[in-house]
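Report on one structure; see the data block that follows.
The values are calculated or read from the model by the stated rules, or taken from the named source; none is laboratory data. Keep in mind that what you see is a predicted model, and the values were worked out from it rather than measured. Note that each Cβ is placed from the backbone with ideal geometry, even for glycine, and that neighbours are counted across all protein chains shown.
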Amino acid sequence: MKIPFDNSYFRLPAQMFTAQLPTPVNDPQIIATNDALATKLGIDISATDAVNIFAGNSIPEGAAPLAQAYAGHQFGNWNPQLGDGRAILLGEVIDADGIRRDIQLKGAGPTPFSRRGDGRAWLGPVMREYLVSEAMHAMGVPTTRALAAVTTGEPVYREEALPGAIITRVAQSHIRVGTFQFFAARGDIEALQALTDHVITRHYPEADGPAALLDLVIARYAKLIAKWMGLGFIHGVMNTDNVSIAGETIDYGPCAFMDDFHPDSVFSAIDQYGRYAYSNQPAIGAWNMAQFATALIPLMPDRDKAIEDFTAAVHRLPVTYEQAWLEVFGAKLGLSDPTEEDRTLIDDLLTLMTKDSADFTNVFAHMGQTTARDQFLDRDAFDAWDARRQARAAPDAAAMMANANPQIIPRNHRVEEAIIAGRGGDMAPFHALLAAVTQPYVYNADYARAPTTDERVTRTFCGT
Ligand code: AMP
Ligand code: MG
């Protein structure tokens, strides 16, 4: 397999990473490869050594494997030393669109950042990340992607012995807010400046310095969160080490799409206080950007002025977010140029949905059809609301809504079902679900069906 590497991170100051080879595994087997993505990256995946490369057993020519240093706030608590504890960056390629992409193995063995961890992943989270990241991409959400997944033939020990697996992840970069925090906290201005220059060149060439960079990152992040909200997506671990500086959804852990709508929904078993609940995501987004702003301040010549300017920049996040949210939900209801009054229309729908525990995805998937009212218990209330929507609907509302409202999402209970089957060696449910969620606008009665009360999965686990 030939991968046309060009490794820019490896050329950055040495204290920003450690050169680190993956640790070989016993008996790797391919679970899935993403041939369309491979083609876009200029990689011929059909080669016989593909399984060994995706397992970390052989290192492709031109790779410069490394583990990145980063820090982060986890559930609000500062952790000065995280880093790639089980992920190894093989290198970067320039894809068919001219965009530089990282190729990273996650679960490829220990690194100096592993702390007490084993550097491995088990099959469940690998399958979840593969399914959800590819679904997000298909729904037009900026995200890391899945290039391949393999089983290792080795057990990993969590509360029990579980099958080990490795996912090959593709990202615009794996640089996080926490990467900036790592160097800012150490007072390492050389690395902080090099990182900032690297990020500007790589992701935001229009920025002329840290202040402009901050503005652009905030705008991308606000729009990303608005897209999550429009899909009923709950990331689950919006720690600053899980915030991509390129504005992609990254680190799919205990993430979930809501079935029945409630704004306070939390799925992650470790999120006891609902810090990362659905409705808290925009506020946490601002909190995370405040941490990014703080990390950039050492680069600014006038500290007091920088604090003032950066505070104002962070306060612009909710403004950008509210506008993006209105556009996202406006499109979901077929409203062109949604206005401030339409905000009330949208909020009123969400109130009805909350009251009736209506299925988030299916309410929008049926919008504009006679079946929409079937999603509600109080159908008269919905009809009254829908008359207001129709009065505001754009001439091409049906087409707008078809493009904005997925029919198929990776519902929790289906992801769980696929993982349970996969643990038992049956990958057929995984492949069937992957095929369905990567065509999210194509109706499929089986995968569109909301879970019954018995089927509902209300807890997700980091399960690292
Ligand atoms: P995550 O929860 O995957 O975002 O990881 C948070 C931090 O813990 C990162 O620094 C990871 O590299 C590290 N980590 C998570 N799981 C493991 C593991 N099994 N072995 C080593 N490090 C890990
Ligand atoms: Mg992480």
*Which of the residues spanning the range 99-112 are over 22 Å from the mean Cα position of the chain (by Cα) and surrounded by fewer than 23 Cβ atoms within 10 Å (Cβ to Cβ)?*
Gly109, Pro110, Pro112
*Could you list, in sequence order, all residues of the range 395-409 that are of a type outside the set (A, V, I, L, M) and surrounded by fewer than 19 Cβ atoms within 10 Å (Cβ to Cβ)?*
Pro395, Asp396, Asn403
*asked:* Of the conditions (1) within 16 Å of ligand 1 (Cβ to nearest atom); (2) surrounded by 22 or more Cβ atoms within 10 Å (Cβ to Cβ), Val266 satisfies every one except a single condition; which number is it?
replied: (1)
*In this structure, does Asp102 turn out to be assigned to a loop (DSSP other than H, G, I, E, B), away from ligand 1 (no atom under 13 Å from the Cβ) and either out of contact with any Lys or Arg (no Cβ under 7 Å at 6 or more places or on another chain) or among the acidic types (Asp, Glu) (or both)?*
no
*What is the residue count in the range 245-257 for residues that are more than 10 Å from ligand 2 (Cβ to nearest atom), under 21 Å from Ile103 (Cβ atoms) and touching a strand residue (DSSP E or B) at 6+ places or on another chain (Cβ under 9 Å)?*
4
*Between a first residue in the range 1-15 that is without any contact (Cβ under 8 Å) to a residue 60 or more places away in the chain and a second residue that is hydrophobic (A, V, I, L, M, F, W, C) and part of a loop (DSSP other than H, G, I, E, B), which pairs have beta carbons less than 7 Å apart while being 6 or more apart in sequence or on different chains?*
Met1/Ile43; Met1/Ile45; Met1/Ala47
*Can you tell me which residues in the range 89-122 are within 14 Å of ligand 2 (Cβ to nearest atom) and β-branched (Val, Ile, Thr)?*
Thr111
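For (1) closer than 30 Å to Ile189 by Cβ; (2) modelled with pLDDT under 95; (3) not aliphatic (A, V, I, L, M), each residue gets a yes or a no:
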{"residue": "Val237", "(1), (2), (3)": "yes, no, no"}
{"residue": "Ile245", "(1), (2), (3)": "yes, no, no"}
{"residue": "Asp259", "(1), (2), (3)": "no, no, yes"}
{"residue": "Val266", "(1), (2), (3)": "no, no, no"}
{"residue": "Ala269", "(1), (2), (3)": "no, yes, no"}
{"residue": "Ala286", "(1), (2), (3)": "yes, no, no"}
{"residue": "Asp302", "(1), (2), (3)": "yes, no, yes"}
{"residue": "Leu317", "(1), (2), (3)": "yes, no, no"}
{"residue": "Tyr321", "(1), (2), (3)": "no, no, yes"}
*Count of residues meeting criterion [outside any helix (DSSP H, G or I) and surrounded by 14 or more Cβ atoms within 10 Å (Cβ to Cβ)] in the range 410-448*: 8
*Yes/no for Leu317 being surrounded by 19 or more Cβ atoms within 10 Å (Cβ to Cβ) and free of Cβ contacts under 8 Å to residues at least 24 places away in the same chain*: no
_Any residue in the range 48-62 that is without any contact (Cβ under 8 Å) to a residue 24 or more places away in the chain sitting within a Cβ distance under 7 Å of a residue that is of a type in the set (S, T, N, Q)? List the pairs, counting only those 6 or more apart or interchain._
Ser58/Asn52
_Among (1) closer than 17 Å to Phe261 by Cβ; (2) part of a helix (DSSP H, G or I), there is one condition Leu377 misses while meeting the rest; what is its number?_
(2)
*Trp78 is checked against (1) within 16 Å of ligand 1 (Cβ to nearest atom); (2) surrounded by 14 or more Cβ atoms within 10 Å (Cβ to Cβ); (3) not charged (D, E, K, R) and fails just one. What number does that condition carry?*
(2)
